[in-house]
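Right, one structure below, let's go through it.
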Amino acid sequence: MTPQMLSIIQTNFKPNIFSDTETEYNLKCALNHLSEVDKRILILYAEYSSIRDVAKILGSTYHYVSKKLREIRNDLFKTI
């Protein structure tokens, strides 16, 4: 994933209090508060649907990516 792709995603997921539902707004705010590393992991997981593939792409371990995804999920649920 290139920095340009991440920028496009961030631009498209800016919260808009006037057009978003409350849930959409809260989710977009939560996603924007994630670190860049967390966003990359989440996007790669959404694209490949495999923790092993994400770990391979990032040059990391399965356990690290699994732990990060669990933390991201918990943070998003707390925020929403």
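Points to keep in mind about this one:
- With protein chains left intact and a 1.4 Å probe, residues in the chain average 73 Å² of accessible area per residue.
- Cα-based helix-to-principal-axis angle, 62-79 vs the chain, degrees rounded to 10: 10
- Debye log10 I(q)/I(0) for the chain, one point scatterer per Cα, at q = 0.16, 0.23 Å⁻¹: -0.63, -1.11
- Percent carbon-and-sulfur accessible area, the stretch 20-80, ignoring ligands, DNA and RNA, probe 1.4 Å: 52
- Remark: the chain carries a charge dipole of roughly 300 debye about the Cα centre, counting +1 on each Lys and Arg Cβ and -1 on each Asp and Glu Cβ.
- Among ILE51, ILE17, LEU27 - extreme Cα towards positive end, dipole of the stretch 12-63, charges at beta-carbon: ILE51
- The chain, relative contact order in percent, only Cα pairs under 8 angstrom and at least six apart counted: 30
The values are calculated or read from the model by the stated rules, or taken from the named source; none is laboratory data. Here the structure is a predicted model, which means the values were calculated and not measured. Cβ sites come from the backbone with ideal geometry, for glycine too, and all protein chains shown count toward neighbours. To get the accessible areas, we keep the full protein, side chains included, count just its heavy atoms, and leave off ligands, DNA and RNA. Shrake-Rupley method; radii C 1.70, N 1.55, O 1.52, S 1.80 Å.
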